[in-house]
């Protein structure tokens, strides 16, 4: 039996939508991108949604729209995918790493204030593996110090804090539509914001700094010539991607419900397995379960367990990296120690989880894990 770490939930409807976009003659950013943006904004409760080529581009543009630049500092966790910190470097700023809550793997709000300096411009909490960070606590700190909150919500479209969906809680929220996420456009990202001025800047920056887009000029029917007043980027999403995204968005709630069912089943099957801690979902926060993140006892050889699972045809992954331990960041910030981040990076392990996973596959994963652990 071969079980991948994930499998995108796509089919004939997505193929038809992509084909229709191709046959329409409008392939680059156009009417379908605009429709996808409106749909995501409505879903999240945000005033604006700006689609991009990927989530790293979304984070980079959000930082620039928030006024972050050279000489500034942005507080973020190290326990994340490297794109979180890289986007800060791309903006010319410095990531200031803060340790995590060991239970949720998200930034520990009680440690943020000690990291604030006169150069701090923003806080970038990360929604870890589909669980939102403690955004209300982060926002309270940001408000007190006059900082912007740029939420790296790459895996958490559909996650909730209280009764509100992620996407309408922070100054800027950035999503990913990579195939490992709950819904996909192949590659792709998006920024949501309620800031009208920032949204306008984001739209200009994503398309080379052009004062108006190709589609807007086409739709106006005029011969207006665009201007380039600022240095921009080619961070656009295509209409082919957006067409797939629109179909996927219609499936999102069903996909999330299936992921939740499977995650809860994993937790039940793993109950009583020594040395394995399941993920938690704090009261008031609703997980999307991009992946099922277990934590192994430090005495367990994670590498040996992952190798044994691979030998049985089961893909696993380390939980999340500790960015500050990667060579680039060791050179930039030598000697930095974040105890909880380092413990989590060395002991967490992702199990396969995706909509469409069968109970037979899931049973095989759990039996194999038990045997790999010697249980």
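Summary table
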item	result
Checking residue 345 against (1) buried (at least 18 other Cβ atoms within 10 Å of the Cβ); (2) under 21 Å from residue 372 (Cα atoms); (3) out of contact with any strand residue (DSSP E or B) (no Cβ under 8 Å at 6 or more places or on another chain), the condition it does not meet	(3)
Filter result (within 25 Å of residue 360 (Cβ to Cβ) and not in a loop (DSSP other than H, G, I, E, B)) within region 1-19	3, 12
Which listed residue, of 312, 251, is more than 28 Å from residue 161 (Cβ to Cβ) and at pLDDT 95 or above	312
Condition met for residue 226 (part of a loop (DSSP other than H, G, I, E, B) and assigned by TED's automatic domain parsing to the domain that holds residue 48)	yes
Scan of region 333-349 for residues that are out of contact with any helix residue (DSSP H, G or I) (no Cβ under 8 Å at 6 or more places or on another chain) and touching a residue at least 24 places away in the same chain (Cβ under 8 Å), ordered by number	339, 340, 343, 344, 348
Residue in region 281-296 that is more than 27 Å from the chain's Cα centre (by Cα), surrounded by fewer than 17 Cβ atoms within 10 Å (Cβ to Cβ) and either under 26 Å from residue 161 (Cα atoms) or touching a residue at least 12 places away in the same chain (Cβ under 8 Å) (or both) present	no
Enumeration of residues in region 233-254 that are surrounded by fewer than 18 Cβ atoms within 10 Å (Cβ to Cβ) and either without any contact (Cβ under 8 Å) to a residue 60 or more places away in the chain or out of contact with any helix residue (DSSP H, G or I) (no Cβ under 8 Å at 6 or more places or on another chain) (or both)	234, 250, 253, 254
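For (1) in contact (Cβ under 8 Å) with a residue 40 or more places away in the chain; (2) on the phi < 0 side of the Ramachandran plot; (3) more than 18 Å from the chain's Cα centre (by Cα), each residue gets a yes or a no:
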residue: 23; (1), (2), (3): no, yes, yes
residue: 40; (1), (2), (3): yes, yes, no
residue: 44; (1), (2), (3): yes, yes, no
residue: 72; (1), (2), (3): yes, yes, yes
residue: 75; (1), (2), (3): yes, yes, no
residue: 79; (1), (2), (3): yes, yes, no
residue: 91; (1), (2), (3): no, yes, yes
residue: 96; (1), (2), (3): no, yes, yes
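The values are calculated or read from the model by the stated rules, or taken from the named source; none is laboratory data. Predicted model only: the values in this text are computed from it and were never measured. For neighbour counting, all protein chains shown are included, and Cβ atoms are generated from backbone atoms with ideal geometry for every residue, glycine included.
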